[in-house]
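> Structure in structure tokens, see below.
The values are calculated or read from the model by the stated rules, or taken from the named source; none is laboratory data. If you're wondering where the values come from, they're calculated on a predicted model, not measured in any experiment. Quick reminder, even Gly has a Cβ in these numbers, built from the backbone with ideal geometry, and neighbours come from all protein chains shown. Heads up: the accessible areas ignore ligands, DNA and RNA and are worked out on the full protein's heavy atoms, side chains in. Shrake-Rupley method; radii C 1.70, N 1.55, O 1.52, S 1.80 Å.
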Amino acid sequence: VCNNGINHLGMKDDDGKSALYYAGYTNNDVVGNYLIMSSNNNVAREDYKEGKRVFLEEKYGGGKPVLLKGCKSGAIGFSDVETLVEICQVNIFEKDEKGNSAMYYAGYNNMEDVGSYLWSKGEDNNIFTLGKRVMLEDKYGGTSALLKGCKSGRMTVEDAKALVEICQVNISEADEKGYSAMYYSGYNNIEDVGTYLSSKGEDNNIFAIGK
């Protein structure tokens, strides 16, 4: 392309797309990086970024903004998040009509690696925590998710840990009958949750009463 005395990098097809655009669109990073280095101009870089972005928009089926929509669906992969942020330079703080960002949906969909990465790029970890908390509340029937999850017998020890250690819920909260998550862990034979709550300071006698 560049060694025959003619530089074809600026040429575009009938759709107005250049070689750099298609290198990005087809994830041909070796060729794309070589052509960018050969051309050494901002237009080439922008074409490459545009191809990458359009490819990812089509991959996740939602169009713009693809980072937000990919996190909202829970389908986006970590490497694609890196591509969108570092190559395509998308706005990680963009929000949907509900006021929620990619970071919120990373928490809601348990995308720990994506959340950690967005935090390293300046996002607020509290937003991730909020998303995770809302997901668990939706899963277990609203606020007081730990209590309600144990009361229903559906609480898992992984979700209990997330609620206590990340969302920092009150493990001693009681319902209208005066019973806590520890009581219902015993009542529903959720041994691992009971053991975990005991390690966080809850009284084993309450578990025994429930049982």
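> How many of the residues making up region 172-204 are open to solvent by less than 50 Å² (accessible area, probe 1.4 Å), among the acidic types (Asp, Glu) and assigned to a helix (DSSP H, G or I)?
Going through region 172-204 one residue at a time, the tally reaches 0.
> Restricting to region 116-138, give me the number of residues that are farther than 11 Å from Ala106 by Cα, open to solvent by 70 Å² or more (accessible area, probe 1.4 Å), in a helix (DSSP H, G or I) and touching a residue at least 24 places away in the same chain (Cβ under 8 Å).
1
> Output yes when any residue across region 41-51 is more than 27 Å from Val134 (Cα to Cα), touching a residue at least 40 places away in the same chain (Cβ under 8 Å) and basic (Lys, Arg), and no when none is.
At the first step, the residues of region 41-51 found to be more than 27 Å from Val134 (Cα to Cα) are 41-51.
Among the residues that remain, those that are also touching a residue at least 40 places away in the same chain (Cβ under 8 Å) are: 49.
With the extra rule that they be basic (Lys, Arg), the set shrinks to 49.
Yes - at least one qualifying residue is present in region 41-51.
> Scan region 19-66 residue by residue and report those that are open to solvent by less than 70 Å² (accessible area, probe 1.4 Å), farther than 27 Å from Ile92 by Cβ and of a type in the set (Ser, Thr, Tyr).
Passing the criteria: Ser38, Ser39.
> Among the numbered criteria (1) of a type outside the set (Asp, Glu); (2) open to solvent by 10 Å² or more (accessible area, probe 1.4 Å); (3) touching a residue at least 40 places away in the same chain (Cβ under 8 Å), which single criterion is violated by Cys150?
(2)
> Looking at Ile166 and the list (1) out of contact with any Leu (no Cβ under 7 Å at 6 or more places or on another chain); (2) farther than 25 Å from Asp80 by Cβ; (3) open to solvent by 20 Å² or more (accessible area, probe 1.4 Å), which single condition is not satisfied?
Every listed condition holds for Ile166 apart from (2).
> To continue, here is another question. Residue check, Val81 against (1) without any contact (Cβ under 8 Å) to a residue 12 or more places away in the chain; (2) touching a helix residue (DSSP H, G or I) at 6+ places or on another chain (Cβ under 7 Å); (3) β-branched (Val, Ile, Thr), all met but one. Which one?
(1)
> Could you please give the count of residues in region 67-115 that are hydroxyl-bearing (Ser, Thr, Tyr) and open to solvent by less than 60 Å² (accessible area, probe 1.4 Å)? Full working, then the answer.
Our first condition is that a residue be hydroxyl-bearing (Ser, Thr, Tyr); within region 67-115, this holds for 73, 79, 83, 101, 104-105, 108.
In the following step, the residues that additionally are open to solvent by less than 60 Å² (accessible area, probe 1.4 Å) were identified as 83, 101, 104-105.
The total comes to 4.
> Applying the selection to region 153-163, what residues are surrounded by fewer than 21 Cβ atoms within 10 Å (Cβ to Cβ) and in contact (Cβ under 8 Å) with a residue 24 or more places away in the chain?
Gly153, Thr156, Val157, Lys161
> Mind listing whichever residues of region 1-18 are open to solvent by less than 70 Å² (accessible area, probe 1.4 Å), touching a helix residue (DSSP H, G or I) at 6+ places or on another chain (Cβ under 9 Å) and modelled with pLDDT of 80 or more?
Looking only at region 1-18, we keep the residues that are open to solvent by less than 70 Å² (accessible area, probe 1.4 Å), and these are 2, 9-10, 13, 16-18.
Narrowing the set further to residues that are touching a helix residue (DSSP H, G or I) at 6+ places or on another chain (Cβ under 9 Å) leaves 2, 9-10, 13, 17-18.
Listed by number, the residues that qualify are Asp13, Lys17, Ser18.
> For Gly107, only one of the following conditions fails: (1) out of contact with any Gly (no Cβ under 6 Å at 6 or more places or on another chain); (2) of a type in the set (Gly, Ala, Ser); (3) more than 25 Å from Asp29 (Cα to Cα). What is its number?
So Gly107 meets the others, but not (1).
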